[in-house]
Amino acid sequence: MKRNSVFAVAREAMRQHSGWGRTWGNPEAKKAYDVVIIGAGGHGLATAYYLGKNFGITNVAVIEKGWLGGGNTGRNTTIIRSNYLQDPSAALYEKARSLYETMSQDLNYNVMFSPRGVMMLAQTHHEVRGYQRTAHANSLQGVKTEFISPARVKELCPIINIDGPRYSVLGALWQARGGSARHDAVAWGYARACTDMGMHILQKTEVTGITQSGGNVTGVDTSRGHIACKKLGMVVAGHASVVANMAGFQLPIESVPLQALVSEPIKPCMDVVVMANTVHGYMSQSDKGEMVIGGGTDAYNAYTQRGSFHHLEETVRALIETFPMVSRLKMLRHWGGIVDVTGDRSPILSKTPLGNTFINCGWGTGGFKAIPGSGWGFAELMAKGESPLTDQFGLDRFRAGRFIDESVAAGVAH
Amino acid sequence: MSTRLASHGRLINRARALSFTFNGKVMSGFEGDSLAASLLANDQMLMGRSFKYHRPRGVLASGGEEPNALINLGVESGFEPNARATTTETFSGLTAASQNHFPSLEFDVGAINSKLSRFLPAGFYYKMFIHPRSFWKHIYEPIIRHSAGLGKAPKARDQDSYEHYYHHCEVMVVGGGIAGLQAAQSAAATGVRVLLVEQTAHWGGRAPVDGVTIDGLAAEDWVAQTLAELAACDNVVIRNRTQGSGVYDHGYALAYERIADHTPGDGRPRHRLWRVRCKQIVTATGAIERPLSFAGNDIPGVMLASAVRDYVVNFAVSPGDRTVVVTNNDDAYRTALCLLEAGLEVPLIVDARPEGGGALMEAVQASGIRVALGRGIAKVKGGKRVTGVQICAQAGEGSVLEEVACDVVAMSGGWSPVVHLWSHCGGKLIWDADQAMFRPDPDQPPLGADGAGFVKVAGLANGHLRSAPVLEDAAEQGRAVGRAAGGKVQKAAVPAAMDAEEVALSPVWLMPQGASYALRSKAWLDFQNDVKVSDVQLAAQEGFESVEHAKRYTTLGMATDQGKLSNINGLAILSKSLNAPIPDVGTTTFRPPYTPISMASLAGEARGELFQPVRKTPMHAWHDSHGADWEPVGGWRRPYAYLRGSETVAQAVEREVINTREKLGFLDASTLGKIIVKGPDAGKFLDMMYTNMMSNLQPGRCRYGLMCSENGFLSDDGVVARIDEQTWLCHTTSGGADRIHAHMEEWLQTEWWDWKVWVVNVTEQLAQVAVVGPNARKLLEKLGGMDVSAERLPFMAWADGTIAGIDCRAYRISFSGELSYEIAVPANQGLVFWEMLMEAGAEFGAMPYGTECLHILRAEKGFIMIGDETDGTVIPQDLGLSWAISKKKDDFLGKRAQQRSFMDNPDRWQLVGLETLDGSVLEDGAYAIAEGSNANGQGNTQGRVTSTYYSPTLGKGIAMGLVHNGPERMGEVIYFTKIGTNPVQAKIVSPVFYDPEGEKANV
């Protein structure tokens, strides 16, 4: 595969860019693979990539019902942070964040990771204590965060109203190396690297059934016929329960719509990511200039990628309260995705009742930031049967009651 | 040059001249002008710069689809970026400035990007700026960001007001063209309530511009007559300047009314968001003309043929003196005829069809205009303004046959129905190959809750290009929705429309057909985002084959116009590159809103003071005038402390604690949740809600209760009082009242719907005051009215009575460890009661105290606080509250969860007291450090601080915390984190720091 660089672009510019090849393949499906991953979103592709890179397993197919990266990977608000409270979460998200730091170089594809800093505003005394607790936890977890003053908040983000009539800003948990990345590029970069290792990404291929023998999966029935595998990974987010049902087991997952919106692009006015959980809203500015805004989840379960309009009204109210300038902007577009939510709002990276089958789901509203760490740990789990990054995230925790609950610190904007 | 004509101008009022400024230059226009029309009338064709290459941009269209003419509108608190000049009505005093250039619109250094465009194809940034790593954050990205964005960021606070409006009707009709008017009339005739909205200020859509006649009347007159008839109907509401913006599930729709954008400062709200609930929706949203893709089609002066016509007919503005028309269909000939009638020059019509068109073409030819058949435009010449076109064979590769001088190119590539609203909620499209358009598939409409379609499409939007079938279709759809919405259909004649015959268009997706790379790389698809034919082809070459991938890779259709002009052309290029039929490639998802709507309209009135209005207790104003330092708590504000004189907050808290312990303190406890649970099954219900047994509580008695989630975690606590045989009053935390009320209702409504229980939240009906301290009883006895003695009102009892003549209910409960009464009075007596307590209590040293004092008092006693000691992961057993979990009950919420192996395990972090060895105060949220680190390299922990205070009573720091096996480790010293410095040593002690025997309350 052609290496990307400024020189390659310059060379191609001289010959009408005719030399660029496919970013990922469009192969015929083989009859069998060592590993089949269902779902070519960020998590599925990252899993395949690290199976190849870390364990030399490259006879891999990633099967995708639609177009790769078209689920939540391509419809989130691209926030990357690891200022989590509980140890297992902090380990996983910090691994992911650190992999984001070098992802562009690693994949030779610019995913535009921008460590511009993430702040989570504290607007009640309760929230102040919660974030102070997170700062203490992070200090032992090797996650660099600090609790900053309102004056520092204003300095880092001048468009914030820190003296709101309803909730003034009392401080913020600040992670300077958090930030954002170009979400599509993450999927595309992994897909390109997987293709480069000889893996097959089979788009427009729907899994319709899962074949089993003696407690193990033997393969998957797809719209392109049966594909056999020695190991199966299910990485399908909102439809995790649907695929698990095909394999004959149930998941403690509820799928709900989550919405986001963008404004029209304006000149740069905000260089950090801000999350305001008391009022329920978060915002950053993309490199294109749009204000990227995250909303809340619907209260009812659904598979429509839409969501209820009143959530957007609440989100926008919260943002106008926090950033008065938002009032004079216009909403360009709003959309929804289906998020798979567990009882403790933490993901599932787990073995399953089937011996050679593994599941990665339950990322809820916070999956994008975890993609490389999730792929790294899940690949290790699939290859070796265990991984320190994923061991606490097994399905067994729901039976034991060993929850990993971030609700105290994360609120809605997980 | 572009200028104002002496004739035409059906929408302007020449008697009312208006003055406005553009980039500081004073210009004039007429009432009724769009800003784009006013600018053209002042020979201002150049209106902006494109996003990526900073190419000069002139106005392209005349409506909401406009991608180029975006301006910074207004100043300061009335400023709005990215306002479309085509949909902005000119008013006197309007201030406009062009966007995205430096230093000026005419000379923009960013235009260097255009020169470098061969190095900046689609997706170039994914392939570059990778090394060295640190450069992305510090060099590349800041440069890219700096050049990104369009309009300026607003700075000042919004001066305007906004409002929401709820509208209920059976039928909503979107679009005020002839189809919308007819559909509304046919629907209204069935007797149902109809809402008709039109996004512009004017009715009739294109028909009056295009010279249609209806029932022998000029379209203009038919529109006026029909509008008057509709206005006279009681069951019809009509609104112009109101856009149907979005269609949502279950017949919910949004309409966006721009009330005062054209009359700023007149006191009316700027925008009004209509939240419409209806049974049926008709979208009569018309169609948008498609550009043609030829080299240089982005140069200012290249416009949509229909827009050129609009400016002449509606605003009496000629975009230029010499217009070359280029088309693949008959409709564009109307533009030529219109220009001729206005006395303007049309040197040539370029028709890509070898056979040309029908009657309209013949009419043009009869006027002596040359029509070049089978020809295309090879290239447009010009920089900031068109100077001419090079003509070539459409079937060739672009060899120039002739060059024609002109200053406007009017292009038409056919029409695309506006299917957005149909698609928002799941309506599907079909490809109509004959007309080269996607139109709604009537067999796959958006479905309502009953599984039936709830949107219909009428007229042009439904793929009918001629006016007679438009009206027939509109009448039919109007009747159909009326019937579906419960109306009665009457027979009525459909008005007969007449317009010129047309012959079929011939799809032209690239001009010329075999255009070279040099031409394709100058043929624009997305004018704002600078996406060209060559970019979409590159995307296909690189494997971005899904239309969604191609969109995201090239940014096609992601500009502020959301691809209204570019999407169909782009996906035709993509399908050609992939050698796949257009319908197989499909469209990207249509998302609301149809065009951008103001954020402020979404917020409506809920801004500033009305954003989450503060809940106020009856004593709120008293607190405010007595030095309250406020703290937000669950929708309320509560006094954190009452500052006196020059006291600091910490000093005030210390004073309040000592005073309450030694004399008498009052807490406004009105915010405490109060929920009445009543009915024959109320006891059974409460036994399920609480871990404790509540059904055996005796009337007149109180019990401290715990509530757990289904997962077993402690979620709320409070004192429950049994009022009578079938009535309990449950106190909740201040922040938990609404949540617990909803939680109770959810269980009653979804699981135990057959239980006879009635739940009502009476939090705001009662004011409640905690009268706390050694002098509490003395004060109440002084006020007199009810017996509050230890015998009559022992600990954990309540009684109804009067105090100083006010009806009250007194609970003998204590969250402070002191002698304490919580006294509830009717809310409207709250302030009087409070003031009486203050006055009568003066001789006993009474002072009010705030929430921080409350917290310290309870922490000194080792009482837990929901949200401090609990965080959603803590079970009652962790907090030494096993005594409050009934062993007698078969079940309660959380019981089964608490039997799981990890929760049933005594080897957990459990509640203890903590005292630093040096008397200092532990930090909030500090963790207890354990030896070593875990498999992920994180430092091990063995506990954490849950509450930490300086205790004025004890004169040192005290804390509560959860420590691994803590209760068994009394006296042990462990280390706690301290941010930025060395860990702090603290000893594990009992969590009850003060009065462990409970003597003070037991008097």
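The values are calculated or read from the model by the stated rules, or taken from the named source; none is laboratory data. What you are looking at is a predicted structure, and each value in this text was computed from that prediction instead of being measured. Glycine gets a Cβ as well: all are built from the backbone with ideal geometry, and neighbour counts include every protein chain shown. Areas reflect the complete protein model, heavy atoms only, side chains present, ligands, DNA and RNA absent. Shrake-Rupley method; radii C 1.70, N 1.55, O 1.52, S 1.80 Å.
No other residue among B:706, B:780, B:819 is touching an Asp or Glu at 6+ places or on another chain (Cβ under 7 Å), more than 14 Å from chain A (Cβ to nearest Cβ), buried (at least 22 other Cβ atoms within 10 Å of the Cβ) and not hydroxyl-bearing (Ser, Thr, Tyr) apart from B:706.
Of all the residues in the range B:840-869, those that are open to solvent by less than 10 Å² (accessible area, probe 1.4 Å) and within 14 Å of chain A (Cβ to nearest Cβ) number 6.
Residue A:89 satisfies every condition listed in (1) more than 10 Å from every other protein chain (Cβ to nearest Cβ); (2) not in a helix (DSSP H, G or I) except (2).
For the range A:112-165, the candidate set comprises residues that are buried (at least 19 other Cβ atoms within 10 Å of the Cβ) and charged (D, E, K, R); within that set, the residue that is nearest to the other protein chains (Cβ to nearest Cβ) is A:133.
The set of residues in the range B:568-592 that are open to solvent by 20 Å² or more (accessible area, probe 1.4 Å), within 33 Å of the chain's Cα centre (by Cα) and in contact (Cβ under 8 Å) with a residue 60 or more places away in the chain comprises B:568, B:583, B:587, B:589, B:590, B:591. For residue B:450, the requirement of being among the acidic types (Asp, Glu), more than 26 Å from residue B:567 (Cα to Cα), part of a loop (DSSP other than H, G, I, E, B) and open to solvent by 20 Å² or more (accessible area, probe 1.4 Å) is met.
At least 1 residues being more than 30 Å from residue A:107 (Cβ to Cβ) is the threshold, and among the helices (runs of 4 or more DSSP H) wholly inside the range A:148-255 those reaching it are A:150-156, A:240-247.
When residue B:501 is tested against (1) within 30 Å of residue B:364 (Cα to Cα); (2) at pLDDT 95 or above, only condition (2) is not met. Elements of the type strands (runs of 3 or more DSSP E) sitting completely within the range B:205-276 and holding at least 2 residues that are crowded, with 21+ Cβ neighbours inside 10 Å: these cover B:242-248, B:252-258. If we scan the range B:690-708, do we find a residue that is among the hydrophobic types (A, V, I, L, M, F, W, C), in a loop (DSSP other than H, G, I, E, B) and touching a strand residue (DSSP E or B) at 6+ places or on another chain (Cβ under 7 Å)? Yes, because at least one residue in the range B:690-708 is among the hydrophobic types (A, V, I, L, M, F, W, C), in a loop (DSSP other than H, G, I, E, B) and touching a strand residue (DSSP E or B) at 6+ places or on another chain (Cβ under 7 Å). Within this structure, residue A:102 fails the test of being more than 10 Å from chain B (Cβ to nearest Cβ) and closer than 23 Å to residue A:195 by Cβ.
Just one of (1) open to solvent by 10 Å² or more (accessible area, probe 1.4 Å); (2) in the same structural domain as residue B:436 (by TED's automatic domain parsing); (3) hydrophobic (A, V, I, L, M, F, W, C); (4) touching a Ser or Thr at 6+ places or on another chain (Cβ under 7 Å) fails for residue B:498. It is (2). Test residue B:907 against the stated conditions and say whether it is open to solvent by 40 Å² or more (accessible area, probe 1.4 Å), in contact with a helix residue (DSSP H, G or I) (Cβ under 7 Å, 6 or more places away or on another chain) and within 13 Å of chain A (Cβ to nearest Cβ). Considered against the rule, which asks whether it is open to solvent by 40 Å² or more (accessible area, probe 1.4 Å), in contact with a helix residue (DSSP H, G or I) (Cβ under 7 Å, 6 or more places away or on another chain) and within 13 Å of chain A (Cβ to nearest Cβ), residue B:907 comes out as no.
When each of A:172, A:96 is tested for being farther than 27 Å from residue A:256 by Cβ, at pLDDT 95 or above, crowded, with 24+ Cβ neighbours inside 10 Å and more than 10 Å from chain B (Cβ to nearest Cβ), the lone residue that passes is A:172. Filter the range B:148-179 down to residues that are more than 9 Å from chain A (Cβ to nearest Cβ) and assigned to a loop (DSSP other than H, G, I, E, B) and give me whichever is farthest from residue B:192 (Cα to Cα). My answer is B:159.
All conditions in (1) at pLDDT 95 or above; (2) within 10 Å of chain A (Cβ to nearest Cβ); (3) crowded, with 18+ Cβ neighbours inside 10 Å hold for residue B:930, with the sole exception of (3).
Yes/no per residue for (1) more than 23 Å from residue A:306 (Cα to Cα); (2) touching a residue at least 60 places away in the same chain (Cβ under 8 Å); (3) among the charged types (D, E, K, R):
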site: B:412; (1), (2), (3): yes, yes, no
site: B:418; (1), (2), (3): no, yes, no
site: B:424; (1), (2), (3): no, yes, no
site: B:431; (1), (2), (3): yes, yes, no
site: B:492; (1), (2), (3): yes, yes, no
site: B:499; (1), (2), (3): yes, yes, yes
site: B:504; (1), (2), (3): yes, yes, no
site: B:509; (1), (2), (3): yes, yes, no
site: B:517; (1), (2), (3): yes, no, no
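The sole residue among B:941, B:981, B:946, B:953 that is assigned to a loop (DSSP other than H, G, I, E, B) and at pLDDT 95 or above is B:953.
Being crowded, with 20+ Cβ neighbours inside 10 Å, in the same structural domain as residue B:296 (by TED's automatic domain parsing) and in contact with a Ser or Thr (Cβ under 8 Å, 6 or more places away or on another chain) is a description that does not apply to residue B:405.
Taking each residue of the range B:302-331 that is farther than 17 Å from residue B:502 by Cβ and open to solvent by 10 Å² or more (accessible area, probe 1.4 Å) and looking for partners that are aliphatic (A, V, I, L, M) and outside any helix (DSSP H, G or I) with beta-carbon atoms closer than 6 Å, six or more apart or interchain, yields B:314/B:11; B:315/B:12.
Yes or no: the range B:108-122 includes at least one residue that is touching a Phe, Trp or Tyr at 6+ places or on another chain (Cβ under 9 Å), of a type in the set (Asp, Glu), open to solvent by less than 60 Å² (accessible area, probe 1.4 Å) and at the interface with chain A (Cβ under 8 Å from one of its Cβ atoms). No; the residues of the range B:108-122 include none that is touching a Phe, Trp or Tyr at 6+ places or on another chain (Cβ under 9 Å), of a type in the set (Asp, Glu), open to solvent by less than 60 Å² (accessible area, probe 1.4 Å) and at the interface with chain A (Cβ under 8 Å from one of its Cβ atoms). Whenever a residue of the range A:4-23 is at the interface with another protein chain (Cβ under 7 Å from one of its Cβ atoms), its partners that are outside any helix (DSSP H, G or I) and of a type in the set (S, T, N, Q), lying with C-beta atoms within less than 6 angstrom and at least six residues away or across chains, give the pairs A:4/A:108. So is residue A:109 crowded, with 24+ Cβ neighbours inside 10 Å and closer than 30 Å to residue B:144 by Cα or not? Against the criterion (crowded, with 24+ Cβ neighbours inside 10 Å and closer than 30 Å to residue B:144 by Cα), residue A:109 does not qualify. With respect to residue B:515, is the statement that it is surrounded by fewer than 24 Cβ atoms within 10 Å (Cβ to Cβ) and more than 39 Å from the chain's Cα centre (by Cα) true? Taking the combined requirement at face value, the residue does not satisfy it. Taken over the range B:827-851, the criterion of being over 14 Å from residue B:775 (Cα atoms), touching a Phe, Trp or Tyr at 6+ places or on another chain (Cβ under 9 Å) and not small (Gly, Ala, Ser) is satisfied by B:831, B:834, B:835, B:849, B:851. Where strands (runs of 3 or more DSSP E) sit wholly within the range A:305-414, those with at least 3 residues that are within 9 Å of chain B (Cβ to nearest Cβ) occupy A:330-342.
Just one of (1) at negative phi; (2) over 46 Å from the mean Cα position of the chain (by Cα) fails for residue B:865. It is (2). The residue of the range B:643-675 that is most open to solvent (accessible area, probe 1.4 Å), among those that are of a type in the set (S, T, N, Q) and assigned to a helix (DSSP H, G or I), is B:651.
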